[in-house]
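One structure is given here, and the rest of the page talks about it.
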Amino acid sequence: MGYPVVEIYREKIKENAQNLVKECHLRGIEVAGVVKVFGGYEDVVEAYIDGGVDLIADSRIENLKGFNEFSIPKMLIRIPMKSQAEEVVKYSDVALVSEIDIVEELNKYAKKHGKIYDVILMIDVGDLREGIFFKNKKEIEEWVRKVDMFKCINLKGIGTNLNCYGGVIPSTENMNYLVEVKSMIEKLLDRKLDVISGGNSENIKLMRENGMPKEINQLRIGVGIALGIGLYDKPIEGQHTDTVKLIAEVVEVKEKPSAPIGELGIDAFGRKPTFIDKGIRRRAILGIGRQDVSPEHIVPIDNKIEIIGASSDHLIIDITESNNNYKCGDVVEFNLTYGGLLAAMTSKYVNKRIV
């Protein structure tokens with residue numbers, strides 16, 4: 001297998017899943033293992049399942065469709081598109097929803113395929129991404145009444161998302177907003193809801209501090225398993241953070257000036273770059289570029305290397321201070337942030353290897 005390549009340490013990911021599943025289950029919280037960052041890679045899905053997650057969750061129905069062989073329940077965590085409603089019903093068991101029109105479409109195809117399809121109503125408690133705003137009680141009531149009329153839809157519960165768009169941090173206060181909405185809906189329907197899906201890996205800190213209301217009984221955990229990180233992208237105690245590694249090959253090594261010569265315009269991505277003149281430096285070019293991963297989301301494991309920049313196909317690094325005598329054909333290794341892993345796993349030009 002050639003380069004570039006993402007190496008995936010399956011056992012470490014499995015152990016991360018086991019650790020958090022055990023911790024959540026002790027608190028009565030089920031774990032939806034979010035695998036979207038791995039771009040549908042089935043070996044990683046197996047690691048999550050072996051780690052004991054209760055559901056497999058992804059934002060792309062295309063990926064869930066590929067997981068059809070796995071008997072575990074599947075959750076779509078992105079608001080479904082009307083144009084994909086039939087596939088959503090066929091290849092997942094539950095979806096996060098907010099719009100009546102889309103639920104109506106799901107109901108139509110659930111009826112066609114002879115199944116009852118579960119939905120979780122998303123409630124926006126302040127992050128201002130998807131969901132009905134929690135203060136809009138009348139809108140929530142109207143939504144629930146309409147959905148309750150659909151014969152092939154089961155309102156399984158409610159959920160929220162935090163820290164992904166507005167950066168709002170999970171708190172006891174905003175979790176209690178969900179509890180209040182659940183109580184309101186249960187009185188309206190005269191029945192219990194099964195689930196409050198309280199958020200994602202950023203909720204782990206609140207859970208460990210015993211700040212999570214006992215009614216929160218589901219978390220959708222992705223990076224906490226995939227990379228062992230949580231709130232503020234900080235490592236979660238007890239989790240492996242060295243679960244993946246990006247490796248790229250050196251295609252050129254030259255000594256060159258550190259600042260371009262001539263009048264500067266904009267680069268291929270519409271930005272006007274700036275440079276610090278450090279004199280002549282030893283530079284290497286790697287066979288990977290912005291088409292595969294953003295240089296802002298990768299970190300050289302050799303801490304004497306500096307990333308200078310990237311074009312669509314090449315990554316340029318300063319190796320002057322490194323103790324390694326890099327030459328053509330050698331490889332350079334990088335740790336990945338969430339954004340880096342997401343991009344590299346999505347790129348068809350980056351190989352993937354289970355270690």
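The values are calculated or read from the model by the stated rules, or taken from the named source; none is laboratory data. Keep in mind it's a predicted model, so treat the numbers as computed, not measured. Counting neighbours? That spans all protein chains shown, and the Cβs are built from the backbone with ideal geometry, glycine included. When the accessible area is computed, the model is the full protein with side chains, heavy atoms only, and any ligands, DNA or RNA have been set aside. Shrake-Rupley method; radii C 1.70, N 1.55, O 1.52, S 1.80 Å.
Relative to the longest principal axis of the Cα atoms of the chain, the long axis of helix 100-112 makes an angle of roughly 80 degrees. Leaving out ligands, DNA and RNA, and with a 1.4 Å probe, what % of the accessible surface on the range 1-146 is carbon or sulfur? Here carbon and sulfur together make up 45 percent of the probe-accessible area.
Per-residue accessible area (protein heavy atoms, 1.4 Å probe) orders Thr243, Thr274 as Thr274, Thr243, starting from the largest. Would you check the range 111-166 for Lys pairs whose C-alpha atoms are within less than 29 Å, ignoring same-chain pairs closer than 8 in sequence, and give me the count? For the range 111-166, qualifying lysine pairs total 20. Using the Cβ of Ile280 as centre and a radius below 12 Å, the other residues enclosed give a net charge of +3, where K and R count +1 and D and E count -1. Taking 10 °C and 1.306 mPa s as conditions, the range 115-181 diffuses translationally at an estimated 126 µm²/s according to Stokes-Einstein applied to its Kirkwood radius (Cα pairs).
A 1.4 Å probe over all protein chains sorts Phe275, Phe134 by accessible area into Phe275, Phe134, starting with the largest.
In angstrom, the C-alpha Rg and Dmax of the range 241-355 are 14.4, 47. If you roll a 1.4 Å probe over the range 217-259 with all protein chains in place, what percent of the accessible area is carbon or sulfur? Summing carbon and sulfur atoms, their accessible area is 45 percent of the total for the range 217-259. Take the solvent-accessible surface of the protein heavy atoms, probe 1.4 Å, and return the percent of it on the range 283-338 that carbon and sulfur atoms account for. Result for the range 283-338: 46 percent of the exposed heavy-atom area is carbon or sulfur. Within straight-line reach of Lys205, meaning a Cα separation under 18 Å, sit the following lysines at least 8 residues removed in sequence or on another chain: Lys22, Lys214, Lys234. Under 30 Å of direct C-alpha separation, and excluding same-chain neighbours fewer than eight residues apart, Lys254 reaches these lysines: Lys245, Lys272, Lys278, Lys304, Lys327, Lys348, Lys352. Taking only alpha carbon atoms, the range 18-83 gives an Rg to Rh ratio of 0.99, where Rh is the Kirkwood radius. An ellipsoid equivalent to the range 24-131, defined through the eigenvalues of its Cα gyration tensor, has semi-axes of 22, 18, 13 Å when rounded to whole angstrom and sorted largest first.
What GluC sites (Glu not before Pro) in the range 17-122 are in a loop by DSSP, with at most 12 other Cβ atoms within 10 Å of the Cβ? Answer in residue order: Glu69. Average accessible surface for the chain: 48 Å² per residue, computed with a 1.4 Å probe over protein heavy atoms with every protein chain in place.
Taking the square roots of 5 times each eigenvalue of the Cα gyration tensor of the range 167-215, largest first, gives ellipsoid semi-axes of 23, 10, 9 Å.
Just so you know, the averaged projected area of the alpha carbon convex hull for the range 126-281 sits at 16.0 nm². All Cα-Cα distances of the chain, cut into 10 Å bins from zero to the largest, leave 5, 22, 27, 22, 14, 7, 2, 0 percent in each bin in turn. Computed over protein heavy atoms with a 1.4 angstrom probe, the accessible surface ordering of Phe269, Phe133, largest first, is Phe269, Phe133.
Mean sequence separation of contacting Cα pairs (under 8 Å, at least six apart), scaled by the length of the range 27-122, corresponds to a relative contact order of 21 percent.
Mind running the shape call on the range 98-211? Use the C-alpha gyration tensor, a ≥ b ≥ c as the square roots of the eigenvalues: rounded below 1.5 for a/c, prolate if a/b tops b/c, oblate otherwise. The shape class here is prolate. Only one residue of Gly52, Ile140, Val31 has its Cα farthest out toward the positive end of the dipole of the range 21-141, where Lys and Arg carry +1 and Asp and Glu -1 on Cβ, and that residue is Ile140.
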